[in-house]
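For reference, the structure is listed below as structure tokens.
Taken together, the values in this text are just the output of simple stated rules run on the coordinates, not laboratory data. All values derive from a computational prediction rather than experimental measurement. We place every Cβ from the backbone using ideal geometry, glycine too, and count neighbours over all the protein chains shown.
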Amino acid sequence: MTRYHQPWLHDLEIAVLGNVTALSDRLGDMGVPGAGLYVDDRRVLSLCNLTVDGEPPTWVASASGGSVTQIATLLRSHGDEGPDPTVELHRVRELVDQGLHERIVVTSHASDPVGAQLNLLLASDGVDIAVVKGGGEGQPVPVTLVDGALVWQEERHDIQVRSESGSPVAQGHSALWTWDVVVAQGETITLEWTVAVSRREEISFGANAGYDLVDWSGVSVDCDDARVKPLIDRSLLDLRGLLMTDPQAPQDVFTAAGTPWYLTLFGRDSLWAARFMLPFGTDLAGGTLRALARRQGTRSNALTAEGPGKILHEVRRAAYVDPVSHLSLPPVYFGSVDATPLWIQLLHDAWRWGLEESTVRDLRLNLLAALGWMRAQADRGDGLLSYLDESGSGLDNQGWKDSGDSMRRRDGSIAPAPIALVETQAYAVSAACAAAHLLEGVWGEDGDAWREWAEELSDRIRERFWVSDADVRHLAMAIDGEGRRVDGVGSNMGHVLGTGVLNEAEARRTTHVLTRPDMLGSGGIGTLSRDNPAYNPVGYHTGSVWTHDNAIAALGLGRDGFAAEAAQVLKALVGVGSSVDNRWPELYGGELLMGKPVPYPASCRPQAWAAASAGALVEVALGLAADAPHRTLHLSPIAPAPFGAMRVAGLRVGQTPVRVEVNAVGEVVDVDAPGLDVIVR
């Protein structure tokens, strides 16, 4: 029997610009599993290999950031003989709207002119991203030569490759573009080629790149610890590449979840990314809230997991069918138990950071519908918000740990559905309190009913989720379908911190368990305790470390007053980020190898909530809390400062730009916040 393998991405160069993403090996070639140029979740180029006189160049260095990949190679078979190579070949690939532009730059330092033939071999298979992710392959699409351009037509797109020089040849299912060059000593020759992709017809979710709709150009973070600045800069660059526009309202922007597997609107992922980035402005939050509100559930449907008032899980351009796992999701899928409370929470938090009140008011009916779904879900779930895939083809687990084996008991066994996650209950408590603030602060209505609802749910968490028969009392991951606590120690409890659910003693106990050596290592907080029999350092949710998971825990630790522990988590994240070319992956292995994280090979890079963790890092380090309606900003920096003196510009409270400087001791030494009342604790 054929065994299919999901392609590994950890050693690929990856660039992204909205709905366009390019994955190549370190030479810039496409042909290895998973590589290709993708547009709208279709692989429009499956082969792109460059040779020089029949040989591949020799790799020297490569790097990617946002929409750009750069490759440095040498032509060791050309030029002068001797130990030093004398002919360089660089590839500079930049993604553009609906396509790609590449420059091939040949420079000679050889004594005599160097002649060479460059051949670019190209093919397209038009295969869907789900097939690629499942380890499957597509069939090559025929290519034709039309008016000097190579042309492919796959089911959804027309693809054209052009160059102003060289000569193309169509060869059935592949094509060759050839350039003959002669390069004199000290001379540089640049060859350019482009890919232009057009949709053959309107697609169900025709989101385009939104890189120019959010301005983070003024953001600057400088620390004594020199690792922080390049990590923040790269994260913002990658986030710009992940920005997409809502096809129903192109002025609204959100972050796609991650490339290549999740390059679309995901409720949970896009909400967390927008939440993390609030210190740098509310444009992303506003676009994300509106995009999800437009698609809010209106009816009950078991196949799509839709419910009245529910916020969706993901939107695709077509049905998503994994040929290996047989996961089958409709184009609009609502299988997320936590996106709805997270939407409510983001609406509140964005309002506090200065989202225009008119925008908040416009979303009133969506807020009430989301609250209605939350209450109804708790009423049908024995007072708790739980999930169960009723379609038989959807996600078994519908929290952020959505793999089928993520819910582990202390003995390593997998807990049965339906599942009521501890973090979902905490999100709901926090969301209900946030809604009460909104109702009172924006509409002048009484919010006490939702505070009472939150208090009752907090009591149920306290009664049902604490595990008392373990070596250390701790919060269970969930309540399972048998009514039992899922008593494995996992990172879920970190999401409960800072939500208002825990009293001081409970928060201290949770912090202690979360930061024990079996959970918090040099690379961060793991998803599952090392003491659990099911622990697997490269298991998706059974021992790996997720960047955003740690960012959420750091926010909660900071809010609940555990500054030293929050600093530990932040330092772990910076250590990891700086060791992986300043590009936080979606997740990575739970154990380090000579101080560096072992890759989770199929991890998305970049991934929105991983890159957006840059905003959470700044928020926690400075102890930021905004109250734009009252023109107030609170500062409570971690002391001592985890990265030495820190200077941050580009913060925003509403339309007010803010600059903060903290010394190495953790004291605020300078603040520029015109018109704001700044309170330093």
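With a threshold of 27 Å on the Cα-Cα distance, the over-threshold entries among 133/401; 310/401; 229/401; 401/596; 310/571 are 229/401; 310/571.
Across region 657-672, rounded Karplus estimates of 3J(HN,Hα) from the backbone phi angles (6.51 cos²θ - 1.76 cosθ + 1.60, θ = phi - 60°) give x, 10, 10, 10, 10, 10, 8, 5, 6, x, 8, 6, 10, 7, 9, 10 Hz, Gly and Pro being marked x.
Note on residue 361/residue 51: beta-carbon distance plugged into 1/(1 + (r/R0)^6) with R0 of 41 Å gives a FRET efficiency of 0.10. For residue 624, the residues whose modelled amide H falls within less than 5 Å of its own, excluding neighbours fewer than 5 places apart on the same chain, are 636. Of all beta bridges that DSSP places with both ends in the chain, some 95 percent have antiparallel geometry. Here the 3J(HN,Hα) profile of region 556-573, calculated from phi with Karplus coefficients 6.51, -1.76 and 1.60 at θ = phi - 60°, is x, 4, x, 5, 8, x, 9, 5, 5, 5, 4, 4, 4, 5, 4, 5, 4, 5 Hz, Gly and Pro shown as x. What shape does region 470-618 take by its C-alpha gyration tensor, where a ≥ b ≥ c are the square roots of the eigenvalues and a/c under 1.5 counts as rounded, a/b above b/c as prolate, and the rest as oblate? The shape class here is oblate. Taking the fewest neighbouring Cβ atoms within 10 Å as the starting point, the ordered list for 238, 246, 349 is 349, 246, 238.
Decide, for region 220-662, between rounded, prolate and oblate: order the square roots of the alpha carbon gyration tensor eigenvalues as a ≥ b ≥ c, take rounded if a/c falls under 1.5, and otherwise choose prolate if a/b is larger than b/c, else oblate. Since a/c stays below 1.5, the shape of region 220-662 is classed as rounded. Using θ = phi - 60° in the Karplus curve 6.51 cos²θ - 1.76 cosθ + 1.60, the 3J(HN,Hα) couplings for region 165-171 round to 9, x, 9, x, 9, 8, 10 Hz; x is entered for Gly and Pro. In the chain, the DSSP-assigned H stretches of four residues or longer account for a calculated mean residue ellipticity at 222 nm of -8000 deg cm²/dmol, using -39500 (n - 2.57) per stretch and the full residue count as denominator. If R0 is 41 Å, what FRET efficiency do you get for residue 155 and residue 411 from their C-beta distance, rounded to 0.05? Taking R0 as 41 Å, the efficiency between residue 155 and residue 411 is 0.30. Efficiency by 1/(1 + (r/R0)^6): what FRET value for residue 462 and residue 678, r their Cβ-Cβ distance, R0 = 22 Å, to the nearest 0.05? That pair, residue 462 with residue 678, gives E of 0.05.
Backbone amide hydrogens, once placed in the peptide plane, bring residue 327 within less than 5 Å of 322, excluding anything fewer than 5 places away on its chain. Computed extension length for residue 200-residue 403: 69.6 nm, one decimal, from 0.36 nm per residue of separation with the Cα-Cα distance subtracted. Modelled spin-label separation between residue 667 and residue 512, with each label point placed 7 Å from Cα along the Cα-to-Cβ direction: 3.4 nm.
Taking 7 Å steps out from each Cα toward its Cβ at residue 482 and residue 97 produces label points 5.7 nm apart. The charge dipole of region 212-291, taken about its Cα centre with unit charges on the Cβ atoms of Lys, Arg (+1), Asp and Glu (-1) only, comes to about 240 debye.
The slack between residue 380 and residue 630, meaning 0.36 nm per residue of separation minus the straight C-alpha distance, is 86.1 nm.
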